[in-house]
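So the structure is just underneath, and the comments pick up after that.
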Amino acid sequence: MDQLVQTRAYTLPSSTMDDAWEMILGQLQSEMDKTSFETWVKPLKPVSYRDGVFTVGARNTYGRDWVEARLRSRVTHMLEGMLTAPVRLKFTVVNEFFHEEDGEPAPRKEKPSVQPSDDEPSKPVDREPRRERTQGEPSERKILLARAYGSERARVIQPERGLFLTLYFFEHWLPLVGHSALAVILAARSMCFWNPKTGELRNRVETDMAEIAAKANVSVRTVKDVLAGELVRKYFLRYTVRRMMTPNGVRTAGITLMVRMDDPLTPEDQDVLNLPEAERWYPAEFEDETEE
């Protein structure tokens, strides 16, 4: 006998949805020029995530059309990676984001509404209300952090201090660059800082081959070979030699290292997915520089 099973619609909590969108903004900020990001992307706001549809609100139809034409594929790909599920991205115009301009009054904000795309029926904003905490009550996030990190063992290990490395790197990049390159890339990243959520990035460091070798537990010769590798230099690590004047002439004082903190697509996947990586993720001063 056939049995009917009724499934419950899945809705992502607004706090989790906001966190996911903050990570998207941080990544896009590192990929785009400042003017385009500030004008078109930064004003976007997450509206809802329900039944596989992630809805994002724009200020007006111009902003909606711009991001829909240029960023739909990229944002969808990142959301699917974060949410580990297929995602259909929907851009709408959300009235609450309009401001008073040209003498037109700003709309009421206590009851925001959503203006749908031309091919979508009107729907209310689907956002779960957040429960107000009483004074002195810790947030759920702080409680989870206390459980995970509030021990002597965790104090020593410091699990909150991690390096960004994806499973994609192990499955796709490691066979291309090798284990020595993996160790050197991780050692270089450990000397930098990157917060994907806020976009804060400090990936330029003054160092030398010996320090990198010690951190990666490889020889200095291996570090030099890795830094000279075509794929590593193109996608992960660049450096310039620092020199100083001494009574005996000019001597090498170390290197200035530029480190890419996120994992790019492999050349093969760029061709298959038609998603080319940036031609140059590093400043011009690191172009075609090698140690003599």
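Here Leu201 meets each of (1) at pLDDT below 90; (2) over 29 Å from Leu28 (Cβ atoms); (3) surrounded by 15 or more Cβ atoms within 10 Å (Cβ to Cβ) with one exception, condition (2). Taking (1) over 28 Å from Gly162 (Cβ atoms); (2) open to solvent by 40 Å² or more (accessible area, probe 1.4 Å) in turn, Glu277 satisfies each apart from (1).
Looking only at segment 42-57, which residues are in contact with a Phe, Trp or Tyr (Cβ under 9 Å, 6 or more places away or on another chain) and either open to solvent by 70 Å² or more (accessible area, probe 1.4 Å) or in a helix (DSSP H, G or I) (or both)?
Keep residues of segment 42-57 that are in contact with a Phe, Trp or Tyr (Cβ under 9 Å, 6 or more places away or on another chain), which gives 43-52, 54-57.
Selection gives Lys45, Arg50, Asp51.
Has segment 182-191 got at least one residue that is in a loop (DSSP other than H, G, I, E, B) and closer than 30 Å to Phe37 by Cβ? Step through it out loud before you land on a result.
Quick first cut of segment 182-191, residues in a loop (DSSP other than H, G, I, E, B) only: 191.
If we keep only those that are closer than 30 Å to Phe37 by Cβ as well, we get 191.
There is at least one residue in segment 182-191 that is in a loop (DSSP other than H, G, I, E, B) and closer than 30 Å to Phe37 by Cβ.
In this structure, is Arg251 part of a strand (DSSP E or B), open to solvent by 30 Å² or more (accessible area, probe 1.4 Å) and of a type outside the set (Asp, Glu)? Taking the combined requirement at face value, the residue satisfies it. It is to be established whether one or more residues within segment 169-181 are part of a loop (DSSP other than H, G, I, E, B) and either polar (S, T, N, Q) or in contact with a His (Cβ under 6 Å, 6 or more places away or on another chain) (or both). Looking for residues that are part of a loop (DSSP other than H, G, I, E, B) and either polar (S, T, N, Q) or in contact with a His (Cβ under 6 Å, 6 or more places away or on another chain) (or both), one finds none in segment 169-181, hence no.
Yes/no per residue for (1) touching a helix residue (DSSP H, G or I) at 6+ places or on another chain (Cβ under 6 Å); (2) free of Cβ contacts under 8 Å to residues at least 40 places away in the same chain; (3) in a loop (DSSP other than H, G, I, E, B):
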{"residue": "Arg221", "(1), (2), (3)": "no, yes, no"}
{"residue": "Val232", "(1), (2), (3)": "yes, no, no"}
{"residue": "Met244", "(1), (2), (3)": "no, yes, no"}
{"residue": "Leu275", "(1), (2), (3)": "no, no, yes"}
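Quick one: how many residues across segment 254-274 are of a type in the set (S, T, N, Q) and surrounded by fewer than 11 Cβ atoms within 10 Å (Cβ to Cβ)? So the count comes out to 1. Across segment 254-264, the qualifying residues are those that are in a loop (DSSP other than H, G, I, E, B) and in contact (Cβ under 8 Å) with a residue 60 or more places away in the chain, and the one among them that is farthest from Thr166 (Cα to Cα) is Met261.
The values are calculated or read from the model by the stated rules, or taken from the named source; none is laboratory data. None of the values given here were measured: they were computed from a predicted structure. Positions of Cβ are generated from backbone atoms using ideal geometry, with glycine treated the same way; all protein chains shown enter the neighbour counts. To get the accessible areas, we keep the full protein, side chains included, count just its heavy atoms, and leave off ligands, DNA and RNA. Shrake-Rupley method; radii C 1.70, N 1.55, O 1.52, S 1.80 Å.
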